[in-house]
Amino acid sequence: MNVTRAAQLVDLSCHAADKSIESLFTVCRTAPDTGMTLMAIEIALQLAGSRMAAILERAHELGKASGCPQYENEVGLRL
C-alpha cells in the first residue's frame, strides 16, 4: 500500500471513530441528569462494543470472500 493510500485510510478510520463516539455522547447527554447520562454511556459502550466486534468479524469474512483479506491488528490506547 502506498503512503498516500495509507494516509487516506488512517484519516477515514480516525474520522469514523471520532464521529461514532461524538454521536454516542450526543445522544447520552440528552438524559435528564448526570447519573442517567453516565449509566447510558456505560450501557451504550457495552452494546456498541459487542456490535462493533460483530461488524469487524463480518468485515473479515467479506474481505476474504472478495479476495481482499483484512489483516488483524490492534489499534488504540491502553489507559
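Couple of notes before you dig in:
- Flag set for Leu24, criterion: aliphatic (A, V, I, L, M) and either touching a residue at least 24 places away in the same chain (Cβ under 8 Å) or not in a helix (DSSP H, G or I) (or both).
- Filter pass, Arg58 being among the basic types (Lys, Arg), modelled with pLDDT under 95 and surrounded by 10 or more Cβ atoms within 10 Å (Cβ to Cβ): yes
- Inter-residue pairs, beta-carbon under 6 Å, first of a type in the set (Ser, Thr, Tyr) and in the stretch 35-58, second part of a helix (DSSP H, G or I) and surrounded by 11 or more Cβ atoms within 10 Å (Cβ to Cβ), 6+ apart: Thr37/Cys28
- Among (1) touching a helix residue (DSSP H, G or I) at 6+ places or on another chain (Cβ under 6 Å); (2) modelled with pLDDT under 95, the one test that Cys28 misses: (2)
The values are calculated or read from the model by the stated rules, or taken from the named source; none is laboratory data. Bear in mind the structure is a predicted one, so any value in this text is a computation, not a measurement. No Cβ is skipped: glycine too gets one built from the backbone with ideal geometry, and neighbour counts run over all protein chains shown.
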